[in-house]
Every structure is written in structure tokens, then in C-alpha cells.
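Visitor: Have a look at the structure that comes next, please.
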Amino acid sequence: MSATRIRRHSGTAARAAAVLALLALGATACADAGGDGRDRAAGKRGEAVRVVSGHAYAVDSSPEAALAFPMNDNVFEGTVVGTRPDVHAEDVLDDGSTFEVVYTPVVVRVDRVHKGHLKKGSEVVVRSMGGTADGVRYEIAEAPAKKTFAKGASLVVFGSAYEAVDSEKSPALTPNFLYRKAGGAFVDATYAEGAHDGGPADRVDRTKFLGELRSLDGGAS
């Protein structure tokens, strides 16, 4: 999704590696048009909408993989404040092709920063992939479930750079991996249904997980 970051890599090989890494995660996947892009479905008010489907390679989203992923620009603990109306976003790649997605902007208060330059106490927008806006419905199975972003939810976000793609009016970040607090544990919520391999989602002791987060370079209180 964060194609502006892709364009900053120099050289064809570097760009290709960046694209493959982003496509490996459903939450950050660029959109592939469903069929020939002319698929239609009924909208909320009966109007026709164009359906765009996102497809991605599911990769290991275990705590160890999330902590080690080299393209996490921002890692932080946060609390969901609320959501905003769905946004239709488009971006142009180096080769001139355009991809599009629809996402729900989720406003998250930053409670503790472990990597990156976000400020504790600030509110940032996290892209929750999927939704309908401007006559386009974006469907992707390999993304966090919408219910993960319920108001008041405590999350650990491993995310992209906080920036806007070409059509966006304000910055946002896409989660590479997402964990939600559940009692005394954190549960992998990167994919809507369980783990990347179809098994049950990983659960990790809260104290252990937070201790590992604090070991990240650039961590701050």
C-alpha cells in the first residue's frame, strides 16, 4: 500500500525487493483489479459499485517475525479512539500503473513508541483495509478484521511510514502486523481469521511481549 515509500528505493532490484516485501502482507498489499475491473455489486443505497479485489501472500506473523521485520518504520502501543468514513485512495507507481484501495481510517492514540518518530499522546490514522467509497468496493481477506479496531481496543502496531499516497489529503500508516490485547496476553490480529497458515492465532504473554518490544532500536517511553 505504501507505494510512496517504494518509489524512494533506488535501482530496479531494490524497488522489486520492496514491492515483493509489501505484497507479502495482506495489510500492505497493492490492489489487483477483480476480473477486468467491470465487476458490479449493489451499494448501500442501491447504486452500482465497482469491485476491486486485493490478493496477497500470507507470511509468518508470529511475534518473532513481527519484531524482526525490517520494513517496520513505526512500532507502537496504542488505543483506538474511533473511526472515520471509508476513503478511496489511488497511487501511481514508477512504471505509470495505478493501484487503488478503499480503507477505513482508524484513529489511534499513541501510548508508547518503540520504533519511529511518532509522538506519545498524539493521534495517528491507521489504514484498516477494505470498505466502500466513491463507487468502489475494495475486498481483501488477508487483513485485520474490522472488529479488531473497536473503540477502546489496545493494540500493538507494526506499521509503515506515516505518510500520504498520491491521492490522500493527510498521512496515514498501514499495519504490517497487528496484535491486540486480550486479558494478560496479546493475540495476533494481522489476519482476519487466525494465523497466516490457517492455524489458530498466536498468543503471547503480555509482559514477555512488551519486554521484547522495548528491546527494539529506537524505542522510547
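The values are calculated or read from the model by the stated rules, or taken from the named source; none is laboratory data. Just so it is clear, the model here is predicted, and its values are computed rather than measured. All Cβ positions, even for glycine, are placed from backbone atoms using ideal geometry, and neighbour counts span all protein chains on display. Just the protein is used for accessible areas: all its heavy atoms, side chains included, with ligands, DNA and RNA removed. Shrake-Rupley method; radii C 1.70, N 1.55, O 1.52, S 1.80 Å.
Visitor: Fully extended, how many nm does the chain gain between Arg214 and Ser122 (0.36 nm per residue separation, minus their Cα-Cα distance)?
Guide: Values: separation 92, 0.36 × 92 = 33.12 nm, distance 1.93 nm.
This chain segment gains 31.2 nm when fully extended.
Visitor: Filter the cross-link list Lys147/Lys208; Lys181/Lys208; Lys120/Lys181; Lys119/Lys147; Lys119/Lys151 down to pairs whose alpha-carbon distance in this structure exceeds 22 Å.
Guide: Lys147/Lys208; Lys119/Lys147
Visitor: From zero up to wherever the largest Cα-Cα distance of the stretch 151-212 sits, split into 10 Å bins and tell me the percent of pairs in each.
Guide: Histogramming the stretch 151-212 at 10 Å steps yields 21, 41, 27, 10, 0 percent.
Visitor: Additional query: Where only protein heavy atoms count, and the probe is 1.4 Å, what is the accessible area per residue for the stretch 123-162 in Å²?
Guide: Details: 1480 Å² over 40 residues.
Normalised by residue count, the accessible surface of the stretch 123-162 is 37 Å².
Visitor: Given H placed on each backbone N at 1.01 Å, which residues far from Ala172 in sequence or on other chains put an amide H within less than 5 Å of it?
Guide: Glu163, Ala164
Visitor: Quick one: what are the phi-derived ³J(HN,Hα) couplings along the stretch 205-214, Karplus 6.51/-1.76/1.60 with θ = phi - 60°, whole Hz, x for glycine and proline?
Guide: After applying 6.51 cos²θ - 1.76 cosθ + 1.60, I find 3, 4, 5, 5, 5, 5, x, 5, 4, 5 Hz.
Visitor: Pop out the ³J(HN,Hα) list for the stretch 123-140 in order, Karplus 6.51 cos²θ - 1.76 cosθ + 1.60 with θ = phi - 60°, rounded to Hz; leave Gly and Pro as x.
Guide: 10, 10, 9, 10, 7, 9, 5, x, x, 9, 7, 6, x, 10, 10, 9, 10, 8
Visitor: If Lys and Arg each add +1 and Asp and Glu each add -1, what is the summed charge of the other residues whose beta carbon sits under 11 Å from the beta carbon of Ala58? Present the calculation step by step, with values, prior to reporting the outcome.
Guide: Details: positive: none; negative: Asp60, Glu142, Glu193, Asp197.
Spelling it out: positives minus negatives among the neighbours equals -4.
Visitor: Okay, next question. In whole Å, what three semi-axes, largest first, describe the equivalent ellipsoid of the stretch 42-142 built from its Cα gyration tensor (square root of 5 times each eigenvalue)?
Guide: Numbers: eigenvalues 157, 70, 36 Å².
The answer is 28, 19, 13 Å, longest axis first.
Visitor: If amide hydrogens are placed 1.01 Å from N in the peptide plane, which non-local residues have theirs closer than 5 Å to the one on Arg137?
Guide: Long-range HN contacts for Arg137: Arg50, Val51, Val52.
Visitor: Per-residue counts of other Cβ atoms within 10 Å, averaged by peptide: what ranking do you get for 102-115, 53-66, highest first?
Guide: Details: 102-115: 20.5, 53-66: 18.4.
For the peptides 102-115, 53-66, the packing ranking is 102-115, 53-66.
Visitor: Give, rounded to the nearest 20 debye, the magnitude of the charge dipole that the stretch 162-218 has about its Cα centre when Lys and Arg contribute +1 at Cβ and Asp and Glu contribute -1 at Cβ. All intermediate terms of the calculation are to be shown ahead of the outcome.
Guide: On the way: 7 positive and 10 negative charges, 80 e Å.
Dipole of the stretch 162-218, to the nearest 20 debye: 380 debye.
Visitor: Hey, can you grab everything whose amide H is under 5 Å from the amide H of His55? Only 5+ residues off in sequence or another chain; H modelled, so Pro and N-termini drop out.
Guide: Asp32
Visitor: May I pose another question? Mind jotting down the distance between the C-alpha centroids of the stretch 181-211 and the stretch 85-123, whole Å?
Guide: Cα centres, the stretch 85-123 to the stretch 181-211: 22 Å.
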